[in-house]
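The values are calculated or read from the model by the stated rules, or taken from the named source; none is laboratory data. Note that the structure is a prediction, hence the values are computed from the model and not measured. Reconstructed Cβ throughout: ideal geometry from the backbone, glycine too, with neighbour counts over all protein chains shown.
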Amino acid sequence: MGLTAYAVCKNYGETRALYDVDLAVNKGEFFTLLGPSGCGKTTLLRIVAGLEMADNGRIVINGKDFTKIPANRRPVNTVFQSYAMFPHLTVLENVCFGLISRRIPKAQAIEKARATLDLVRLAGFEDRKPDQLSGGQRQRVALARALANEPEILLLDEPMSALDAKLRVQVQVELRQIQQRLDKTFIMVTHDQQEALTVSDRMAVMGQGQVAQYGSVREVYDRPRNRFVADFLQTQNFLDAERVGPREISTRLGRWRLCEDIPWEKGCITVRPEKLQIAREASACDFRARVNTVIYRGCYQQFILDNGLLMETETVLPVAQGEELMVHVPKDAVIVLHEDEFQRMDLRKVK
Ligand code: ATP
């Protein structure tokens, strides 16, 4: 149960916005559609909401086919980028509005609206107008308004884009807490990978109208499947490599052992900066490099090495510019990137 999208296609004239997208979102999870501008994530969200019709494909929610059912009869609610609140109505009236227009008796609507405002920690703000609220509070009113309708699935289209960086981080955590308290299915669209990692159980990284990879945020972050996903997650340290054994590669920096099989003869790998280690003994040294730049980041430190690699250490070590380091490359530091630009995957099974 949850949401399943089968082979969804959408073209806008010549523009192919979505190409054969399959997706399965489990009930009660926080799922994020992550990708660069124009990759089709909003289009997919709008198709799930019924605000846009797919050219092909099906949308199934909790086992029922909603593909042809209009937006107002789908068990979903959307929180948009612009919160679209009525400026002349109070917070309470804004939250009540949808309930009353669904013919819920006024007293019951008020009770529901108050309970939902309480849930998003806005009790006491009922009589304020939207312009008397902070950005974060307005965001929570928009959330309350959508949640008051008790949708099976809440859709969030870049809900934090209007907030400044500091508030964003705070609201991300709040959003995650509200989702967990309610145990509801949330599907969010964002282009901010940090935001996706903070709030989501699972995510789909999209590019060019397709899903490039999907999985738990950990899986995708730790093991980006191809160059596109790795690039988008701001992985650094890409190297060309040649396979010299089942789990051994040769790069311009030497031969390294890996913890996974290598599907190509020649290809690309990436090495996480934080996984590289300073070797204490020559026997553990996989390559030597001089430190070109030391970047102090407060609680951690980065070195740009003369071979072009970036290295990151958790603690601030007394390493000086110009110093030569012996570097150890642990087996799990190397990620083999698959050549398929976007691997077609079977995303149809809900856990
Ligand atoms: P952003 O992060 O910038 O909102 P997105 O990933 O959400 O981008 P979509 O809005 O889904 O991307 O758009 C996907 C593609 O479809 C883009 O190339 C866009 O220009 C195009 N597109 C979207 N809506 C329309 C429309 N109504 N008419 C024509 N083309 C459209």
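If you take the residues of region 283-316 that are in a strand (DSSP E or B) and among the charged types (D, E, K, R), which of them is farthest from residue 252 (Cα to Cα)?
It comes out as 312.
Considering region 171-188 alone, what residues qualify as being surrounded by fewer than 24 Cβ atoms within 10 Å (Cβ to Cβ) and either among the aromatic types (Phe, Trp, Tyr) or within 16 Å of residue 139 (Cα to Cα) (or both)?
Of everything in region 171-188, those that are surrounded by fewer than 24 Cβ atoms within 10 Å (Cβ to Cβ) and either among the aromatic types (Phe, Trp, Tyr) or within 16 Å of residue 139 (Cα to Cα) (or both) turn out to be 171, 172, 173, 174, 176, 177, 178, 179.
Given 57, 35, which one is within 16 Å of the ligand (Cβ to nearest atom), among the small types (Gly, Ala, Ser), over 27 Å from residue 172 (Cβ atoms) and in contact (Cβ under 8 Å) with a residue 40 or more places away in the chain?
57
Among the residues of region 60-97, which ones are free of Cβ contacts under 8 Å to residues at least 24 places away in the same chain and either assigned to a loop (DSSP other than H, G, I, E, B) or among the acidic types (Asp, Glu) (or both)?
Within region 60-97, 65, 66, 67, 68, 69, 70, 93 meet the criteria.
Table: residues versus (1) within 26 Å of residue 265 (Cα to Cα); (2) touching a residue at least 24 places away in the same chain (Cβ under 8 Å); (3) touching a helix residue (DSSP H, G or I) at 6+ places or on another chain (Cβ under 9 Å).
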position	(1), (2), (3)
285	yes, yes, no
289	no, yes, no
306	no, no, no
309	yes, yes, yes
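Restricting region 7-32 to residues that are more than 14 Å from residue 209 (Cα to Cα) and surrounded by fewer than 23 Cβ atoms within 10 Å (Cβ to Cβ), which is nearest to the ligand (Cβ to nearest atom)?
13
Residue 66 is checked against (1) aromatic (Phe, Trp, Tyr); (2) under 28 Å from residue 25 (Cα atoms); (3) over 28 Å from the mean Cα position of the chain (by Cα) and fails just one. What number does that condition carry?
Unmet condition: (3).
Take region 38-53 and flag every residue that is near the ligand (Cβ under 6 Å from one of its atoms) and farther than 16 Å from residue 191 by Cβ.
Within region 38-53, none qualify.
Between a first residue in region 1-17 that is closer than 13 Å to residue 44 by Cα and a second residue that is part of a strand (DSSP E or B) and of a type in the set (Phe, Trp, Tyr), which pairs have beta carbons less than 7 Å apart while being 6 or more apart in sequence or on different chains?
Between residues of region 1-17 that are closer than 13 Å to residue 44 by Cα and residues that are part of a strand (DSSP E or B) and of a type in the set (Phe, Trp, Tyr), the close pairs are 9/19.
For region 98-154, which positions are touching a strand residue (DSSP E or B) at 6+ places or on another chain (Cβ under 9 Å) and of a type outside the set (Gly, Ala, Ser)?
139, 143, 145, 147, 149, 150, 151, 152, 153, 154
Which numbered condition trips up residue 54, out of (1) out of contact with any Cys (no Cβ under 7 Å at 6 or more places or on another chain); (2) surrounded by 14 or more Cβ atoms within 10 Å (Cβ to Cβ); (3) under 30 Å from residue 102 (Cα atoms)?
With (1) out of contact with any Cys (no Cβ under 7 Å at 6 or more places or on another chain); (2) surrounded by 14 or more Cβ atoms within 10 Å (Cβ to Cβ); (3) under 30 Å from residue 102 (Cα atoms) applied to residue 54, the lone miss is (1).
Select, from 204, 230, 241, the only residue that is out of contact with any Leu (no Cβ under 8 Å at 6 or more places or on another chain) and crowded, with 18+ Cβ neighbours inside 10 Å.
One residue alone meets the criteria, 241.
So, in region 197-219, of the ones that are of a type in the set (A, V, I, L, M, F, W, C) and closer than 15 Å to residue 44 by Cβ, which residue ends up nearest to the ligand (Cβ to nearest atom)?
206
Would you confirm whether any residue within region 69-78 is over 24 Å from residue 213 (Cβ atoms), within 15 Å of the ligand (Cβ to nearest atom) and in the same structural domain as residue 143 (by TED's automatic domain parsing)?
yes
Could you look through region 151-170, keep only residues that are surrounded by fewer than 22 Cβ atoms within 10 Å (Cβ to Cβ) and outside any loop (DSSP other than H, G, I, E, B), and pick out the one that is nearest to the chain's Cα centre (by Cα)?
Only one residue fits best here, namely 157.
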